[in-house]
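Heads up: the structure comes next, in structure tokens.
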Amino acid sequence: MDEDAVDVTETPDETTQWRRDASTSRTVRLLWTFGVGTFFAAIGTVVSWRLYRVAGEVGGGAVVIALIAALAATVLALAATDDTERHLERLTRPLPVDVPSGTKLDRAMDAAVGAVVMGAVIGALMAVGRYVSQNELLAVGAGPFTGLAALLIPIALFALVFASFLQSVGALDREDRTVYLYEPDQAIDLSVIEDVSIRPIGDSAVVTLSYAQPDGQYVQGPRRLVVPPAVARDIAAIVDSQR
């Protein structure tokens with residue numbers, strides 16, 4: 001994904017528009033996929049383990065494992081195909097469900113793939129912990145492995161919060177020296193900015209703004225922006241030209 005081209009649009013009137021979300025930013029997409037996938041994986045692990053225990057009492061544990069493996073393989077196969085929507089419609093044709101399309105389908109597949117991957121990670125940690133505990137390989141038993149699996153939940157929550165922080169929609173008007181932010185709507189007059197610092201994060205850039213204080217008055221406005229790197233460089237260039 002080209003960090004400076006996918007989500008940045010140049011217009012003839014000296015305006016650069018951008019949108020940073022899971023559809024245009026690899027960093028946001030990975031964080032969102034990890035966060036949502038981990039939560040679904042945790043729920044799926046609990047449900048699968050209960051089903052396995054119940055089925056195991058009647059000798060059907062292998063059937064549950066086979067069904068889980070088949071479901072995971074189906075999700076990965078759908079994610080790998082070039083026409084996910086058509087294949088999904090074929091699979092769900094007997095069911096009374098509507099197949100999502102476009103961005104909704106992309107996010108649904110991201111969540112499903114994330115759940116499969118993180119489910120495998122959580123399952124592996126639990127399996128290793130169980131093996132270590134049964135064979136008394138560690139004095140603390142399965143604690144480190146189950147603890148690490150449980151730690152994935154708060155990490156996933158942080159990933160979702162961080163993904164939300166990295167999302168932004170806006171425009172930079174070079175002629176008016178103004179940054180327009182949407183969701184929520186804000187306008188930042190760059191003429192009152194005296195310094196800019198840029199910190200790259202993945203395929204985004206966090207721009208820290210230092211406002212001038214004319215006559216000692218506090219100027220309201222956001223102190224940090226998340227924008228594409230190309231927009232961050234343009235903002236810094238405009239501020240530098242005012243010195």
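The values are calculated or read from the model by the stated rules, or taken from the named source; none is laboratory data. Not measured: the values here are computed from a predicted model. Cβ: placed from backbone, ideal geometry, glycine included. Neighbour counts: every protein chain shown.
Taking the stretch 129-152 as the range and being within 28 Å of the chain's Cα centre (by Cα) and crowded, with 17+ Cβ neighbours inside 10 Å as the test, the residues that pass are Phe145, Thr146, Ala149, Leu152. When the stretch 209-228 is filtered for residues that are at pLDDT 85 or above and charged (D, E, K, R), the ones remaining, listed by number, are Arg223, Arg224.
Scanning the stretch 27-79 for residues being more than 16 Å from Ala108 (Cα to Cα) and among the β-branched types (Val, Ile, Thr) gives a total of 11. If I filter the stretch 155-171 for residues that are out of contact with any strand residue (DSSP E or B) (no Cβ under 8 Å at 6 or more places or on another chain), at pLDDT 90 or above and of a type in the set (Ser, Thr, Tyr), do I get at least one hit? Checked the stretch 155-171: at least one residue is out of contact with any strand residue (DSSP E or B) (no Cβ under 8 Å at 6 or more places or on another chain), at pLDDT 90 or above and of a type in the set (Ser, Thr, Tyr). Phe158 satisfies every condition listed in (1) aromatic (Phe, Trp, Tyr); (2) within 27 Å of Gly35 (Cα to Cα); (3) surrounded by 15 or more Cβ atoms within 10 Å (Cβ to Cβ) except (3). Would you confirm, using the coordinates I've provided, whether Pro184 is under 22 Å from the mean Cα position of the chain (by Cα), surrounded by fewer than 14 Cβ atoms within 10 Å (Cβ to Cβ) and not in a helix (DSSP H, G or I)? Yes: the conditions hold for Pro184. Would you confirm, using the coordinates I've provided, whether Leu95 is surrounded by fewer than 19 Cβ atoms within 10 Å (Cβ to Cβ), modelled with pLDDT of 90 or more and out of contact with any Asp or Glu (no Cβ under 6 Å at 6 or more places or on another chain)? No; evaluated as a whole, the condition is false for this residue.
When the stretch 206-218 is limited to residues that are out of contact with any Asp or Glu (no Cβ under 9 Å at 6 or more places or on another chain) and surrounded by 12 or more Cβ atoms within 10 Å (Cβ to Cβ), the one that is farthest from Leu166 (Cα to Cα) turns out to be Val207. Applying a threshold of 6 Å to beta carbon distances and a minimum spacing of six or more residues, or different chains, the list of pairs starting in the stretch 125-154 at a residue that is not assigned by TED's automatic domain parsing to the domain that holds Val36 and ending at one that is exposed (fewer than 13 other Cβ atoms within 10 Å of the Cβ) and of a type outside the set (D, E, K, R) is empty.
Just so you know, in the stretch 20-70 the residues that are charged (D, E, K, R) and over 23 Å from Ser101 (Cα atoms) include one that is surrounded by the fewest Cβ atoms within 10 Å (Cβ to Cβ), and it is Glu57.
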